[in-house]
Amino acid sequence: MPSFNVRFIKTVCDDTGHEHRACQAAFRVDAPSLSAAAQQAETDFCKQKGVRDWTIFADAMELRTPLALPPAWGG
């Protein structure tokens, strides 16, 4: 089953008005598809924060497949 790295991001302004992306949570989800991973991530994040709607804490969700590691070459 594929794994996805998930991050929930909130855009915040500093005292000078510049926007910054702040990671609210990051974790790994095992799911059969990208859409299933997104649904699982939403559920997990809401449980973790004790809310029904993840957008209370974040503006965006990023899902990525982990990069494959290069093969270990023995010599």
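The values are calculated or read from the model by the stated rules, or taken from the named source; none is laboratory data. These numbers were taken from a predicted model, which means no experiment stands behind them. FYI the Cβ positions are ideal-geometry reconstructions off the backbone, even for glycines, and counts take in every protein chain you see. Please note that ligands, DNA and RNA were not included when accessible areas were found on the heavy atoms of the full protein model with its side chains. Shrake-Rupley method; radii C 1.70, N 1.55, O 1.52, S 1.80 Å.
With a cut-off of 11 Å between beta carbons, the residues surrounding C46 carry a summed charge of 0, where Lys and Arg count +1 and Asp and Glu -1. Highest mean packing first, where packing is the average number of other Cβ atoms within 10 Å per residue, the peptides 35-43, 9-17, 59-67 line up as 35-43, 59-67, 9-17. Taking amide H as placed 1.01 Å from N in the peptide plane, D59 has its amide H under 5 Å from the amide H of I9, K10, T11, each at least 5 places away in sequence or on another chain. Between helix 34-49 and the chain, what is the angle of the helix's C-alpha long axis to the longest principal axis, kept within 0 to 90° and rounded to the nearest 10? Tilt relative to the chain: about 50 degrees.
Taking a ≥ b ≥ c as the square roots of the eigenvalues of the alpha-carbon gyration tensor, the stretch 3-64 is classed prolate because a/c is 1.5 or more and a/b outweighs b/c. Rolling a 1.4 Å probe over the heavy atoms of the protein chains gives the chain an accessible area of 74 Å² per residue. The share of accessible area on the chain that comes from carbon and sulfur is 53 percent, using a 1.4 angstrom probe.
So how strong a dipole does the chain carry about its Cα centre when Lys and Arg Cβ are +1 and Asp and Glu Cβ are -1, to the nearest 20 debye? The partial results should precede the final answer.
On the way: 8 positive and 9 negative charges, 50 e Å.
Approximately 240 debye in magnitude.
Whole-Hz Karplus values for the stretch 17-22 come out as x, 7, 7, 9, 9, 10 Hz, taken residue by residue from phi with 6.51 cos²θ - 1.76 cosθ + 1.60 and θ = phi - 60°; glycine and proline positions read x.
Each Cα pair under 8 Å and six or more residues apart adds its separation to the average, and for the chain the resulting relative contact order is 40 percent.
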